[in-house]
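The values are calculated or read from the model by the stated rules, or taken from the named source; none is laboratory data. In this text the structure is predicted, and so the values were computed from the model without any measurement. Here the Cβ is made from the backbone with ideal geometry for all residues, glycine too, and neighbour counts use every protein chain on show.
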Amino acid sequence: MATTELLKPVPAPGSPKAPAKGRPVPVGRIALYVSLSVVSLLMVVPFAWMVITSLKTPVEIASQDGGLLPEHWEFGNYVDALKAAPFATYARNSFVIAISHTVLNVLVASMAGYALARIRFRGSETIFYLFVAALMIPTYTKVLPEFLIVRFMPLAGGNDIFGQGGSGWLDSWWALIVPGAVTPFAVFLFRQFYLDLPVELEEAARLDGLGEFRIYARIMSPQVKPAFITVALLTFESSWNNFLWPLLVTHSDSLRVIQVGLSVFKTENGTQWHFLMAGTTLATLPMVVLFLVGQRYFVQGFATAGLK
């Protein structure tokens, strides 16, 4: 009997059959969880306020004695907000611009990042440092130069070869799509991902007779899927939420985007907060859905891009 007891396997520590040992939770971990919970709450509160406000009546919003939750849930605010302006056209324009930017940025930036990471040529390091330097330029300092380029585009919008006499690309799809087609951050991120791949992959592909483009498209790019999804999400989000540039380069309703369209609820007599919050909630939904779908790759992209 004693021999049988001795021969019984001892469960490994941490296994379900192992005896539980009381271990105190580190104070640092508790502090981390508390801090993350507080930050998460602070991030959620504005969205919760937006949704709740969109379901209130104007009287409840203006009243100082009103409670946090509406007394009467006005779901009709969403229907009335959509009728206040051609939001179907605005949403279509936003989708077209955001998808165009996403496709162009992912395609061009991935090829540029691959070239900077895997192809050695004279000046490659200098070009990379120029992209890094471009990351440091504030966005709003580039608005005026980009506007002047669009306005004086030669042989466009009635302009002559010197860019005079017409309106250039103003109030056109070219002005909405071309300036935001490629971002330096996307090139930098792709370059960091491609740089970390083992050189044996491309060497084996070259021995099999593959050309450089096929190595990029068939061998290397499938290995950096998180980079593609991360860049796609960031590009779509930036393009979808862009307000200033579409406002500057367009003046017709047929080219307005949804962020600019929300401004119809702010008039000289005041702001229609219930309609504005309803429209903003609807405009936020596509980004929430996209992030929920791709959040695993999104987090993995930033975790691994690192800062290799």
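Give just the number: which of (1) part of a helix (DSSP H, G or I); (2) surrounded by fewer than 17 Cβ atoms within 10 Å (Cβ to Cβ); (3) of a type outside the set (Ser, Thr, Tyr) does PRO179 not satisfy?
(2)
One residue is enough: does the stretch 78-89 have a residue meeting the conditions within 19 Å of the chain's Cα centre (by Cα), among the aromatic types (Phe, Trp, Tyr) and closer than 19 Å to ARG256 by Cα?
Here is the first cut: in the stretch 78-89, the ones within 19 Å of the chain's Cα centre (by Cα) are none.
No, the stretch 78-89 contains no residue that is within 19 Å of the chain's Cα centre (by Cα), among the aromatic types (Phe, Trp, Tyr) and closer than 19 Å to ARG256 by Cα.
If you take the residues in the stretch 192-244 that are polar (S, T, N, Q) and over 30 Å from LEU285 (Cβ atoms), which one is surrounded by the fewest Cβ atoms within 10 Å (Cβ to Cβ)? Don't jump to the end; show me each part of the working.
Initially, the stretch 192-244 is screened for residues polar (S, T, N, Q), giving 192, 221, 223, 230, 235, 238-239, 241-242.
If we keep only those that are over 30 Å from LEU285 (Cβ atoms) too, we end up with 192, 221, 223.
Values: GLN192: 19, SER221: 18, GLN223: 14.
Ranking the candidates gives GLN223 first.
For the stretch 108-130, name all the residues that are touching a residue at least 60 places away in the same chain (Cβ under 8 Å) and either more than 15 Å from PHE188 (Cβ to Cβ) or of a type outside the set (Gly, Ala, Ser) (or both).
Pass one, the stretch 108-130, residues touching a residue at least 60 places away in the same chain (Cβ under 8 Å): 108-114, 116-119, 128.
Once the filter is applied, which keeps residues that are touching a residue at least 60 places away in the same chain (Cβ under 8 Å) and either more than 15 Å from PHE188 (Cβ to Cβ) or of a type outside the set (Gly, Ala, Ser) (or both), the stretch 108-130 yields VAL108, MET111, TYR114, LEU116, ARG118, ILE119, PHE128.
If a residue has to be part of a loop (DSSP other than H, G, I, E, B), of a type in the set (Lys, Arg) and surrounded by 10 or more Cβ atoms within 10 Å (Cβ to Cβ) to count, how many in the stretch 109-156 make the cut? Outline the logic, then answer.
Going through the stretch 109-156, the residues part of a loop (DSSP other than H, G, I, E, B) turn out to be 119-123, 136-138, 142, 152-156.
From what is left, the residues that are of a type in the set (Lys, Arg) are 120, 122, 142.
From the residues that got through so far, the ones that are surrounded by 10 or more Cβ atoms within 10 Å (Cβ to Cβ) too are 142.
Final tally of qualifying residues: 1.
Can you name every one of the helices (runs of 4 or more DSSP H) wholly within the stretch 194-267 that holds 3 or more residues which are over 30 Å from GLY279 (Cα atoms) and within 24 Å of the chain's Cα centre (by Cα)?
Numbers: elements: 199-207, 225-240, 244-249, 258-261.
Filter on the stretch 194-267 gives 225-240.
With respect to ARG122, is the statement that it is within 21 Å of the chain's Cα centre (by Cα) and at pLDDT below 95 true?
Details: within 21 Å of the chain's Cα centre (by Cα): no; at pLDDT below 95: yes.
In short, no.
Just checking, which of ALA117, ALA81, ALA109 is modelled with pLDDT under 90 and either touching a Ser or Thr at 6+ places or on another chain (Cβ under 7 Å) or among the small types (Gly, Ala, Ser) (or both)? Quick ask: steps written out before the conclusion?
Values: ALA117 fails: modelled with pLDDT under 90; ALA109 fails: modelled with pLDDT under 90.
Going through ALA117, ALA81, ALA109 in turn, the sole match is ALA81.
Please enumerate the residues belonging to the stretch 146-193 that are more than 19 Å from the chain's Cα centre (by Cα) and closer than 30 Å to ILE119 by Cβ.
Just the residues of the stretch 146-193 that are more than 19 Å from the chain's Cα centre (by Cα), to begin with: 146-175.
Listed by number, the residues that qualify are GLU146, ILE149.
Looking at the stretch 249-283, which of its residues are under 17 Å from TRP174 (Cα atoms) and surrounded by fewer than 17 Cβ atoms within 10 Å (Cβ to Cβ)?
First pass over the stretch 249-283, keeping only residues under 17 Å from TRP174 (Cα atoms): 249-257.
HIS251, SER252, ASP253, SER254 - these are the residues of the stretch 249-283 that are under 17 Å from TRP174 (Cα atoms) and surrounded by fewer than 17 Cβ atoms within 10 Å (Cβ to Cβ).
Taking the stretch 38-52 as the region of interest, how many residues are over 21 Å from the mean Cα position of the chain (by Cα) and in contact (Cβ under 8 Å) with a residue 24 or more places away in the chain?
The number of residues fulfilling the criteria is 1.
From (1) assigned to a helix (DSSP H, G or I); (2) without any contact (Cβ under 8 Å) to a residue 12 or more places away in the chain; (3) farther than 22 Å from SER100 by Cα, pick out the condition that doesn't hold for ASN159.
(1)
What are the residues in the stretch 53-62 that are over 29 Å from the mean Cα position of the chain (by Cα), assigned to a loop (DSSP other than H, G, I, E, B) and either modelled with pLDDT of 90 or more or buried (at least 18 other Cβ atoms within 10 Å of the Cβ) (or both), if any? Working first, answer last.
Start the filter on the stretch 53-62 by keeping residues that are over 29 Å from the mean Cα position of the chain (by Cα), which leaves 56-62.
Still in the list and also assigned to a loop (DSSP other than H, G, I, E, B): 56-57.
Within the stretch 53-62, just LYS56 meets the criteria.
Which of the residues belonging to the stretch 213-228 are of a type in the set (Ser, Thr, Tyr) and under 24 Å from ARG296 (Cβ atoms)? If you could, list the steps in order and put the result at the bottom.
First, the residues of the stretch 213-228 that are of a type in the set (Ser, Thr, Tyr): 216, 221.
Result: SER221, single match.
Report yes if some residue within the stretch 63-73 is of a type in the set (A, V, I, L, M) and surrounded by 11 or more Cβ atoms within 10 Å (Cβ to Cβ); otherwise report no.
Filtering the stretch 63-73 down to residues of a type in the set (A, V, I, L, M) leaves 68-69.
Next, only the ones that are surrounded by 11 or more Cβ atoms within 10 Å (Cβ to Cβ) stay: none.
No, there is no match, as no residue in the stretch 63-73 is of a type in the set (A, V, I, L, M) and surrounded by 11 or more Cβ atoms within 10 Å (Cβ to Cβ).
Residues checked against (1) in contact with a Pro (Cβ under 9 Å, 6 or more places away or on another chain); (2) of a type in the set (Val, Ile, Thr); (3) farther than 23 Å from GLN259 by Cβ:
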position: ILE119; (1), (2), (3): no, yes, yes
position: LEU130; (1), (2), (3): yes, no, yes
position: THR139; (1), (2), (3): no, yes, no
position: VAL143; (1), (2), (3): no, yes, no
position: ALA156; (1), (2), (3): no, no, yes
position: ILE161; (1), (2), (3): yes, yes, yes
position: VAL187; (1), (2), (3): no, yes, yes
position: PHE193; (1), (2), (3): yes, no, yes
position: GLY209; (1), (2), (3): no, no, yes
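Do we have VAL249 as over 18 Å from SER54 (Cα atoms) and in contact with a Pro (Cβ under 7 Å, 6 or more places away or on another chain) here?
Details: over 18 Å from SER54 (Cα atoms): yes; in contact with a Pro (Cβ under 7 Å, 6 or more places away or on another chain): no.
For VAL249, the condition - over 18 Å from SER54 (Cα atoms) and in contact with a Pro (Cβ under 7 Å, 6 or more places away or on another chain) - is not met.
Are any residues in the stretch 7-37 at pLDDT 85 or above, over 24 Å from the mean Cα position of the chain (by Cα) and surrounded by 10 or more Cβ atoms within 10 Å (Cβ to Cβ), and if so, which ones? So that I can check it myself, show each step before the final result.
Initial filter on the stretch 7-37 (at pLDDT 85 or above): 29-37.
Pick out the ones that are also over 24 Å from the mean Cα position of the chain (by Cα) and you get 29-35.
Within the stretch 7-37, ILE30, ALA31, LEU32, TYR33, VAL34, SER35 meet the criteria.
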